[in-house]
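Before any comments, here is the structure.
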Amino acid sequence: MKVDVLTETVITAPCERVAAYAADPAHAPEWYANITSVQWQTPPPVAVGSRVAFVARFLGRRLAYTYEVTDYEPGSRLVMRTAEGPFPMETTYTWEPYGEGAVQTRMTLRNRGEPRGFASVGAAVMAAAMRRAQKKDLAALKALIER
């Protein structure tokens with residue numbers, strides 16, 4: 001079973017500001033509740049080909065994985081992929097101006113992949129947990145940027 005979870009929020013801040021903050025992996029532990037550390041494996045800033053190692057806790061387990069940036073349009077879209085571990089995943093962020101005067105940003109966060117081995121047994125549970133976590137993470141990002 002494939003997992004495909006899409007969440008979104010509207011943040012009261014210009015698109016460029018939201019995208020610049022959210023696209024910088026160094027900020028991830030500040031707004032992702034489950035990410036405990038980030039380490040660049042290539043020199044910053046973010047660009048296609050950048051590699052970043054993450055350590056997270058999810059469903060009571062420690063996960064270590066490395067994302068590679070496969071698509072990056074500053075201020076518009078960021079796509080990262082990992083092929084490691086029991087759950088190869090692709091994460092996509094999009095940002096677009098929203099509302100009158102473009103003082104708000106509509107941000108989407110999409111995680112999709114296909115669990116392998118033991119992880120595939122709980123794909124439906126994993127998707128529900130991911131959806132809850134993503135909603136909380138976007139709410140934290142919104143609060144942080146709107147502060």
Summed over the other residues with a beta carbon less than 12 angstrom from that of V10, with K and R at +1 and D and E at -1, the charge totals -1
In the neighbourhood of T91 defined by beta carbon distances under 10 Å, the net charge of the other residues (Lys, Arg +1; Asp, Glu -1) is +2
Taking the chain and counting helices only, DSSP H stretches of n ≥ 4 at -39,500 (n - 2.57) each over all residues, the nearest-500 ellipticity at 222 nm comes to -7500 deg cm²/dmol
With 0.36 nm assigned to each residue of separation and the Cα-Cα distance removed, A64 to Q41 gains 6.9 nm
Share of Cα-Cα pairs in the chain beyond 19 Å, whole percent, is 51 percent
With all protein chains present, the chain has a carbon and sulfur share of its accessible area (1.4 Å probe) in percent of 55 percent
Given a 1.4 Å probe, the accessible area of the stretch 1-112 per residue, as a whole number of Å², is 52 Å²
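The values are calculated or read from the model by the stated rules, or taken from the named source; none is laboratory data. Owing to the predicted nature of the structure, the values given are computational and were not obtained by experimental measurement. Using ideal geometry, Cβ is built from the backbone for each residue, glycine included, and neighbour counts are taken over all protein chains shown. Accessible surface areas use protein heavy atoms only, side chains included; no ligands, DNA or RNA. Shrake-Rupley method; radii C 1.70, N 1.55, O 1.52, S 1.80 Å.
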